[in-house]
Structures are given as structure tokens and as C-alpha cells.
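Everything below concerns the one structure shown next.
The values are calculated or read from the model by the stated rules, or taken from the named source; none is laboratory data. Computed from a predicted structure; not experimentally measured. Don't worry about glycine lacking a Cβ; one is built from the backbone with ideal geometry, like all the others, and counts go over all protein chains shown. These area figures cover heavy atoms from the full protein model, side chains too; ligands, DNA and RNA do not enter into them. Shrake-Rupley method; radii C 1.70, N 1.55, O 1.52, S 1.80 Å.
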Amino acid sequence: MNYTELVLYAFGMAFFHGTLLGITNYATNKLFFVTKSVRKALTVQSLLSLLIFVLTFAIVRFLLDQILLPDASFDGTMWSYIFNLALVHYTIGSILIAFANQVVRKFGINVVLPMLTGVYRKPRLANKIFMVIDLKSSTMLAEIFGHKKYSKFVQEFILDINRCLDSFNAEVYQYVGDEVVVIWDTTSFHTLQAIHFYYACTRQVYKRRNFYLKTFGIIPTFKSGMDCGLVTAVEVGDIKRDIAYHGDTINTASRIQSLCNELDRPLIISQNVEQLLTDEHPFTLEKIGEIKLRGKDHPTLLFAINDTDNIDTHSLEMICSRNYAQLKDAE
């Protein structure tokens, strides 16, 4: 086997295998692995990778033997040697890569990389946007559904939130019960993305309304509060190590979210967030006024966000209002 033959083999394997594996991994990550355990995901991903490797090897061998280099020095013994050698390296590599993918999916790339590099071993300042998303009427639903059914309800709701993350550069900071805390870097662009993200979540839930109604008899509705500002990021813990954010911004976002039911507004933002919005945004801002939040010395100017063009949001609110009223009557 000469240098040209080796180059053609390597190029063929890289091209066909990379293409097939990329398409397969993208499809399975979106459609299959989201609801499966890490063990099942690793097993299926490894088997699929092995199948793709064998298929790619067969395609490359056919192209080289029958079309590109019919007179080359490739014989059965040489092909067998190449296959066995490549298979050993590939099997070990695919298992390691599959495991690394699951680690990144669990912790997020923005947590894994800083931990590996030690960026946050010492506290560092960061400007972040915090959005706190919380299920409405969670206490009532927990009492009606019971432990297991309610947990399944929350699980499906959070999965729908997750399905919208990548499109809006959103990062999950933490899950707290039925609450999701999502963060962005503090820029005008990310502020607009954050608000679009909220309404994308309502559309995602509305798209799956038939599933929720059939399985639970109700569609989840949620409320959200937003604030932005300076926080401290630091790596905490040894066992179950994580990146933690400390600062008034997180508490303010949580306090704002807690006012949504009282003010009957699904999405409320602080003045800090409102000041980052450009004049070209498509949303309607309603000035609520200055409200003294629990734990703060001075009042905070708040705004409600409305998306008058989002038909799915209004449809979801009407359906859910009827559902929740029926549940309360049944209770």
C-alpha cells in the first residue's frame, strides 16, 4: 500500500464516516436521547457508531477496489489488517466521545470548560441576565396529581423549556423544584433573545397541548421574572462540583417572578433589563411602577412585557384559564 492509497482511504473514511455520524448523532440527540438514561444513551450511541463505522468501511473499500484504484495493492489480508486496527482505535474513541457528550449535556459546555481550565477557582465578576421561570399553581397541581404524576408533569414541562435553549443562546443555571433559572451574558442582543426565548417556550408548550391534555388533563402555564447586573461566579464544592453565581441580581429576578401572580402578568422585567432593550423590539412594554421587593431597601421600577402578535400565547392562556378553573371546581 503506497502513500496515495493511504491518503485516499483516510480521506474517504473521514468524509463518509464524519457525515453519517454527524447526521445520526444530531437526530438521535434531538429525538431519542433527551428522554433516555445515560446508560441507554451511551449503549445506543456506541452501537450506532459501530454500525456506521462498518458501513463506512464497506463503502470506502468498494470505491477504492472497484472504481478509484482497481489495480491498487489492496488485498484481503491488507483490508483485514486495516479493519481490525481501525476498529480497535475507533471503538475506544467512540466510547470516550459518547461519554464526553453526555457529560457536556449534563453540565453544559459553559460549566465543563471553566472547570477543566480552573477559571472560577477564584471568584470572578460577571454581568449576567437572569430569567426565573416558574410553573403556575404548582401547589394545587401537586395535590391533585400526586407525587409521581406531578413529577412527570414537571419533567415534560422542563423538557419543553430545554428544547428552546439552543435557538436563543440560553444556558440553564439551575433547576429548583418546578423552577428553571436561565442565564445570558448582559447585552442588548441577549436581552432581546431572552424575551423571544420566553415566548418560544409558550409556543413549544402550545404545540404539545394535545399531549398535555391527553396525559394530564391540563396544559402547563408559567410566569417569569427577569433582572440583570453584576454577579460573582465561583466554583463551589468538591463532590458534585458546580459554578455558582452570587449577588443581588439573582434574588431580584426571583422576587420579581413571585409578583407575577399578584400583578396578573406572565413576564415582568426590571428597569435594568428594560434599559438594555433597543427601540426596534417588537414587544409592548407596560410600566407597572416602583414596587418595594422583599429583602430590598429601595423600590424597583418594573415593566410587564406583552407580545400582542403571539397568537399561541393568547390561545394557551385562554385554554389554561378554563383548565385551571375546572380543576379548582373539581377540587
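Residue selection: S167 fails the criterion of being within 18 Å of S270 (Cα to Cα), of a type outside the set (D, E, K, R) and either open to solvent by 40 Å² or more (accessible area, probe 1.4 Å) or under 20 Å from the mean Cα position of the chain (by Cα) (or both).
To keep it simple, each residue is scored yes or no on (1) outside any helix (DSSP H, G or I); (2) at positive phi; (3) crowded, with 20+ Cβ neighbours inside 10 Å.
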residue	(1), (2), (3)
A126	yes, no, no
Y150	no, no, no
Q174	yes, no, no
I183	yes, no, yes
I195	no, no, yes
F211	no, no, no
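Scanning the range 231-283 for residues that are polar (S, T, N, Q) and within 21 Å of L116 (Cα to Cα) returns a single hit, T232. I144 fulfils the conditions (1) aliphatic (A, V, I, L, M); (2) closer than 27 Å to D264 by Cβ; (3) open to solvent by less than 40 Å² (accessible area, probe 1.4 Å) except for a single criterion, (3).
Each residue in the range 217-265 was checked for being in a strand (DSSP E or B) and within 16 Å of I195 (Cα to Cα), and 7 pass. Going through the range 279-307 one residue at a time, which ones are more than 22 Å from V231 (Cα to Cα), open to solvent by 60 Å² or more (accessible area, probe 1.4 Å) and at pLDDT below 90? D279, E280, P282, T284, listed by residue number. Of the residues making up the range 219-278, those that are open to solvent by less than 50 Å² (accessible area, probe 1.4 Å), farther than 16 Å from R294 by Cβ and β-branched (V, I, T) are I219, T221, V231, T232, V234, I243, I269, V273. The requirement of being open to solvent by 50 Å² or more (accessible area, probe 1.4 Å), farther than 14 Å from L21 by Cβ, at pLDDT 70 or above and among the hydroxyl-bearing types (S, T, Y) is not satisfied by T91. Within the span defined as the range 106-117, one or more residues are farther than 30 Å from L50 by Cα and surrounded by 11 or more Cβ atoms within 10 Å (Cβ to Cβ).
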